[in-house]
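Enquirer: I am attaching a structure below and will ask some questions about it afterwards.
What follows draws every value from the coordinates through simple rules; no lab data is involved. Since the model is a prediction, treat every value here as computed from it, not as a measurement. FYI the Cβ positions are ideal-geometry reconstructions off the backbone, even for glycines, and counts take in every protein chain you see.
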Amino acid sequence: MFRSRRLLGSAALCGLALAFAVLPERAASGSPAGQGTPQSGTTEPVPAYHNQASPAALPATLNPDFFSDPFVQNAYTVAARIKKTLYQQPCYCHCDRSQGHGSLLDCFASKHGAGCNICISEDFYAYEQLRKGKTAAQIRADIIRGDWQSVDLSKYQKPLPAK
């Protein structure tokens, strides 16, 4: 009797340990919003962004020439052109949590944007929408809705023309 209780208790402890090991990972990546796909009905908070343009000087983006891939160079070139808009956008790779970023602009003021297709997609989406005349607030609403996922990234594979 004591032996079976001990065995049952050990099994319960192992099950709890396994649950605690798996649950945090699922919470971080299992929800649609955690994958960069905000959907209505989810309670996932919107990542960090700034409501208005910065009254101070914005951080510089990294020089596109630091990167050999034309796709990444284009992302950093675009980011440099639209810093004020990127400052007001959330980033759905959730680098606000993992790296302390305050907005999408921070991804391109560091090397982070070079290795993240979510950041790059949002960057190109913001660029395209700004060129269509949308405001930073309108672009933010679109990004929160997940519209950034519709960007055709293939057109950014070759170097962009000069400004």
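Enquirer: Take S103, S150 and order them by how many other Cβ atoms sit within 10 Å, fewest up front.
Expert: Going from least to most buried by this count: S150, S103.
Enquirer: Arrange the following residues from fewest to most other Cβ atoms within 10 Å of their Cβ: I144, I120.
Expert: With the fewest neighbours first, I144, I120 line up as I144, I120.
Enquirer: Taking 0.36 nm per residue of sequence separation and subtracting the Cα-Cα distance, how much length would be gained by fully extending the chain between R131 and V46, in nm to one decimal?
Expert: My answer for the length gained is 28.2 nm.
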